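Below is one structure, written out as structure tokens, with a few remarks after it.
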Amino acid sequence: MTAGMDAVKLMKQEVGRAAASRVQSGSIVGLGTGSTTAFAIQFLGDRLKSGELKDIKGVPTSFQASVLAKQYGIPLTTLDEIEKIDIAIDGADEVDPQKNLIKGGGAAHTREKVVDALADLFIVVVDSSKLVDKLGTTFPLPVEVLPMAVAPVMRAIEKLGGKPELRMGVKKDGPVITDQGNMVLDVDFGAIANPVEMEKILNNIPGVLENGLFVGVADIILVGEVKDGQSSVREF
Ligand code: 5RP
């Protein structure tokens, strides 16, 4: 592992710990997906184990989140059993200065949007490489699509000026299949001038389940940074 990779891991770990430390006993917690949130889930489990935190329940946003929660001893619940989510912790692939996000690098953005949007407080955990001036400049926009509608949705996205690519599996031949049994298009739009409009336009295409633009959903962005080998977390 290179020194650079160590720094990114350290940033993710510290920001995950910072978010987990904000959860209070008795809370219903939305558990996001991805490598940064995985640290938050681990630290929540540590706090439960030490007795510092009591009586929390997690609402997982993916199969990964539910596996990790079980591994770290966090009891789970579902949206059928609760009325509200107190706090959600989730990662992001890009964050703009207005706290709008691109999510879906782990193909979990559909369930993530349901859970994160329901939370009274949504904390986003990122390392500093995720901060951008304009969404779409470093990461293509993920769009979850019904398998039978992939071809027409690709054509509709091309008409909007996007370049869609079907996301392919790693160590599995063929496309990535989401936790809901759908497929994902990664769309290069370049810089997205109006994320509010783009989120609505994409979700209006028949066959699109959800896109990775999270507009006006995030409350707090915690950013992990490493300078001169020292890690720190700042609120953005
Ligand atoms: C999954 C997501 C993740 O939160 C996002 O991809 C960030 O992941 P990581 O913390 O591993 O960089 O949206 O769908």
Does segment 9-44 hold any residues that are in contact with a helix residue (DSSP H, G or I) (Cβ under 9 Å, 6 or more places away or on another chain), on the phi < 0 side of the Ramachandran plot and in a loop (DSSP other than H, G, I, E, B), and which are they?
S21, V23, G32, T33
Pairs returned, first residue in segment 95-110 that is on the phi > 0 side of the Ramachandran plot and touching a residue at least 24 places away in the same chain (Cβ under 8 Å), second residue that is near the ligand (Cβ under 8 Å from one of its atoms) and not small (G, A, S), beta-carbon separation under 8 angstrom, 6 or more apart or interchain, are G104/D93; G104/E112; G104/P142; A107/P142
Single match in K70, K84, K57, K134 (criterion: away from the ligand (no atom under 16 Å from the Cβ), modelled with pLDDT under 95 and of a type in the set (K, R))
K84
Search result, residues across segment 114-147 that are within 14 Å of V215 (Cα to Cα) and surrounded by fewer than 24 Cβ atoms within 10 Å (Cβ to Cβ)
V114, A117, L118, K134, G136
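The values are calculated or read from the model by the stated rules, or taken from the named source; none is laboratory data. The model shown is predicted, which means the values in this text are computed figures rather than measured ones. When we count neighbours, we look across all protein chains shown, and the Cβ atoms used for this are built from the backbone with ideal geometry, even at glycine.
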